[in-house]
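The values are calculated or read from the model by the stated rules, or taken from the named source; none is laboratory data. For clarity, every value in this text was computed on a predicted model and none was experimentally measured. Virtual Cβ from ideal backbone geometry, glycine too; neighbours counted across all protein chains shown. Surface accessibility is based on the protein's heavy atoms, side chains included, excluding ligands, DNA and RNA. Shrake-Rupley method; radii C 1.70, N 1.55, O 1.52, S 1.80 Å.
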Amino acid sequence: MDVLYKSTRSDGELIPASMAVLRGMSQDGGLYVPAQIPQFDLPLEELCGYDYREIAYRVLRLFLTDYTEEELRSCIAKAYDSKFDTGELVSFRRTEQAEFMELFHGPTIAFKDMALTILPHLLTTAARKNGEDREIVILTATSGDTGKAAMAGFADVPGTRIMVFYPKNGVSPLQEKQMVTQKGENTRVIGIYGNFDDAQTAVKQIFLDKQMQEDMAAQGFRFSSANSINIGRLAPQIVYYVYAYTRMVNRGEIRCGEPLNFAVPTGNFGNILAAYYACRMGLPVGKLICASNSNRVLYDFFSTGCYDRMRPFILTTSPSMDILVSSNLERLLYHVAGDDTEETSRMMNALQEEGHYNVREDVYNNLEIFAAGYATDEETAAEIARVYRESGYVIDPHTAVGACVHRKYVEQYGDRTKTVIASTASPYKFETAVLQALGEDAAALQAEDRGPERISEISGVQIPRAVLDLRSAPVRHRITCDGTKPCMEAEVRRFLGLAQR
Ligand SMILES: *Cc1c(COP(=O)(O)O)cnc(C)c1O
């Protein structure tokens with residue numbers, strides 16, 4: 001069956017997957033969604049016998065139906081290789097509480113690598129398939145992890161350029177160092193004085209700006225996106241939920257067909273949306289537990305049916321989840337509203353113009369598979385300490401938000417369903433918060449540059465290559481600007497050599 005893609009905000013145009021990957025988002029401001037969500041075409045038992053790469057192929061072929069088998073297998077082989085520090089790409093760690101699925105064994109030590117190592121290959125393949133000979137310009141807003149992972153994937157890829165905007169005062173020191181030391185002639189990093197929502201909003205506006213598009217086309221460029229608004233990022237994220245299920249079956253934790261819960265630390269709603277798609281494909285899922293930090297806009301939404309972004313933006317110890325406008329929720333709303341583009345547009349317009357919207361009652365009732373909670377910075381630190389005390393396992397603050405919310409959920413509802421918690425970043429990426437939570441003198445350790453060594457002593461886990469490499473890496477990017485569209489657009493024009501407006 002051919003799966004075609006359409007916008008969440010209008011009916012009519014149906015395009016193949018490769019075109020949706022190439023475009024990134026729809027011209028009407030909506031996001032691309034599959035017109036029909038594909039179903040597994042083989043029994044789960046059979047998937048249990050496959051490794052990660054083979055499961056990736058079996059899942060991606062269902063979503064990216066206009067890619068040939070050879071194309072998909074080639075993308076998978078190029079992405080999922082020794083860039084990952086574990087042969088099976090994803091590791092699992094069992095504690096008393098749950099199964100932690102470590103998604104941070106890629107080159108930038110956060111889960112974004114699971115999709116951003118393959119996206120450049122999917123995108124360049126899409127360009128070839130569609131006879132696109134213009135240079136592809138990837139514009140990306142990042143809350144800290146996407147930017148680096150995208151640049152690592154696109155650096156020096158012929159026919160592409162990538163530009164990343166990150167909140168100058170809203171990322172961890174290691175995240176910032178990772179970004180400003182990025183190599184590659186085709187990369188450009190800009191620190192903005194604003195937050196992730198400012199960056200994401202301006203990037204979407206630049207994307208949709210007619211004048212910008214004309215000037216780009218005249219000079220032989222076209223935009224695409226590495227943000228999770230690109231379906232080429234979502235599809236690879238579905239794979240590890242299927243993979244996790246099969247590993248739990250293989251280890252005898254669950255019987256094939258038995259439901260499994262997933263707890264996901266959430267910001268832009270991309271990761272957990274992939275879990276929702278896995279469920280809609282036929283994966284037996286009990287609950288999807290959406291875990292937020294103090295920017296609890298999603299928790300409030302799931303508890304009340306009202307999404308309200310008009311609130312203070314809080315900087316937390318889990319900065320990659322400091323987001324008030326979760327883009328991918330639009331896709332979920334579209335699906336739970338019965339693929340209703342008018343209703344989706346109404347809500348998205350209200351969000352844009354009034355800063356809030358309410359879902360209809362029947363739509364709200366379709367959100368049953370989700371549970372939601374949040375953890376403050378204090379609770380997050382206490383969770384890191386607790387997991388270490390009970391299991392000798394050191395987790396990062398994002399993962400700790402997931403663990404804390406899961407624990408509170410079990411206490412409240414007594415749901416004993418086996419649960420996989422998505423472990424989204426390495427503790428080494430958020431050294432200060434992790435050391436402090438474990439009662440260490442972070443400032444003193446860091447003054448001597450001994451933070452990573454101390455985490456290694458405590459956790460018994462080797463310091464990742466990505467952290468060691470940064471020690472000697474020179475700074476290559478120093479540009480900053482306001483987090484406003486005119487300012488960011490001027491930087492895009494400068495990067496591409498286009499005339500200023
Ligand atoms: C991006 C990120 C998240 C949030 O994922 P979304 O797909 O944006 O919901 C959580 N944890 C870490 C470490 C991340 O980098």
(message) Of everything in the range 50-71, what is touching a residue at least 60 places away in the same chain (Cβ under 8 Å), of a type outside the set (S, T, N, Q) and in a loop (DSSP other than H, G, I, E, B)? Give them in sequence order.
(response) Y50, L64, D66, Y67
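For residues in the range 178-205 being closer than 14 Å to T142 by Cα and of a type in the set (K, R), which is modelled with the lowest pLDDT?
K204
Kindly state which helices (runs of 4 or more DSSP H) lie completely within the range 72-159 and contain at least 2 residues that are within 16 Å of the ligand (Cβ to nearest atom) and within 27 Å of P397 (Cα to Cα).
Working: elements: 113-116, 119-129, 146-154.
In the range 72-159, 113-116, 146-154 are the helices (runs of 4 or more DSSP H) which contain 2 or more residues that are within 16 Å of the ligand (Cβ to nearest atom) and within 27 Å of P397 (Cα to Cα).
I need the full set of residues from the range 209-236 which are of a type outside the set (A, V, I, L, M, F, W, C) and part of a loop (DSSP other than H, G, I, E, B), in order please.
Within the range 209-236, D209, Q219, G220, N227, S228, N230 qualify.
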(message) With the requirement that a residue be out of contact with any Phe, Trp or Tyr (no Cβ under 9 Å at 6 or more places or on another chain), part of a loop (DSSP other than H, G, I, E, B) and touching a residue at least 24 places away in the same chain (Cβ under 8 Å), what does the range 242-256 give you?
(response) E253
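Search the range 355-391 for residues being without any contact (Cβ under 8 Å) to a residue 24 or more places away in the chain and not basic (K, R), and hand back the single one that is nearest to L324 (Cα to Cα). Even if it seems obvious, please write down each step before you answer.
Looking only at the range 355-391, we keep the residues that are without any contact (Cβ under 8 Å) to a residue 24 or more places away in the chain, and these are 360, 362, 365, 368, 378, 386, 389.
Among the residues that remain, those that are also not basic (K, R) are: 362, 365, 368, 378.
Details: D362: 24, N365: 23, E368: 22, E378: 20 Å.
Of everything passing the filter in the range 355-391, E378 is nearest to L324 (Cα to Cα).
Looking at Y364, Y393, Y388, which is the one that is open to solvent by 10 Å² or more (accessible area, probe 1.4 Å) and not in a helix (DSSP H, G or I)? Give the steps one after another, and end with the answer.
Values: Y364 fails: not in a helix (DSSP H, G or I); Y388 fails: not in a helix (DSSP H, G or I).
When all the criteria are applied, what remains is Y393.
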(request) Among the numbered conditions (1) closer than 20 Å to R494 by Cβ; (2) under 22 Å from the mean Cα position of the chain (by Cα); (3) part of a helix (DSSP H, G or I), tell me where E176 comes up short. (result) (1)
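Just checking, does the range 463-475 include any residue being crowded, with 18+ Cβ neighbours inside 10 Å, out of contact with any helix residue (DSSP H, G or I) (no Cβ under 9 Å at 6 or more places or on another chain) and in contact (Cβ under 8 Å) with a residue 40 or more places away in the chain? First the steps, then the outcome.
Step one: of the range 463-475, the residues crowded, with 18+ Cβ neighbours inside 10 Å are 464, 466-467.
Narrowing further to those that are out of contact with any helix residue (DSSP H, G or I) (no Cβ under 9 Å at 6 or more places or on another chain): none.
No, because not a single residue in the range 463-475 is crowded, with 18+ Cβ neighbours inside 10 Å, out of contact with any helix residue (DSSP H, G or I) (no Cβ under 9 Å at 6 or more places or on another chain) and in contact (Cβ under 8 Å) with a residue 40 or more places away in the chain.
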(message) Need pairs with beta-carbon distance below 6 Å; first residue open to solvent by less than 10 Å² (accessible area, probe 1.4 Å) and among the acidic types (D, E) and within the range 257-282, second near the ligand (Cβ under 7 Å from one of its atoms) and not in a loop (DSSP other than H, G, I, E, B); sequence gap 6+ or separate chains.
(response) none
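Please find, within the range 322-349, the residue that is farthest from the ligand (Cβ to nearest atom) out of those that are part of a helix (DSSP H, G or I), under 18 Å from G267 (Cα atoms) and open to solvent by less than 10 Å² (accessible area, probe 1.4 Å). Please lay out each step first, then the result.
Going residue by residue through the range 322-349, those that are part of a helix (DSSP H, G or I) are 329-336, 341-349.
Next, from what is left, pick out any that are under 18 Å from G267 (Cα atoms): 329-333, 348.
If we keep only those that are open to solvent by less than 10 Å² (accessible area, probe 1.4 Å) too, we end up with 329-333.
Details: L329: 10, E330: 13, R331: 12, L332: 12, L333: 15 Å.
This residue is L333.
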(message) Quick check on the range 430-445. Is at least one of its residues open to solvent by less than 20 Å² (accessible area, probe 1.4 Å) and either aromatic (F, W, Y) or not in a helix (DSSP H, G or I) (or both)?
(response) yes
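Taking the stated definitions as given, is V171 within 16 Å of the ligand (Cβ to nearest atom), open to solvent by 10 Å² or more (accessible area, probe 1.4 Å) and in contact with a Pro (Cβ under 8 Å, 6 or more places away or on another chain)? Full working, then the answer.
Values: within 16 Å of the ligand (Cβ to nearest atom): yes; open to solvent by 10 Å² or more (accessible area, probe 1.4 Å): yes; in contact with a Pro (Cβ under 8 Å, 6 or more places away or on another chain): yes.
Answer is yes for this residue.
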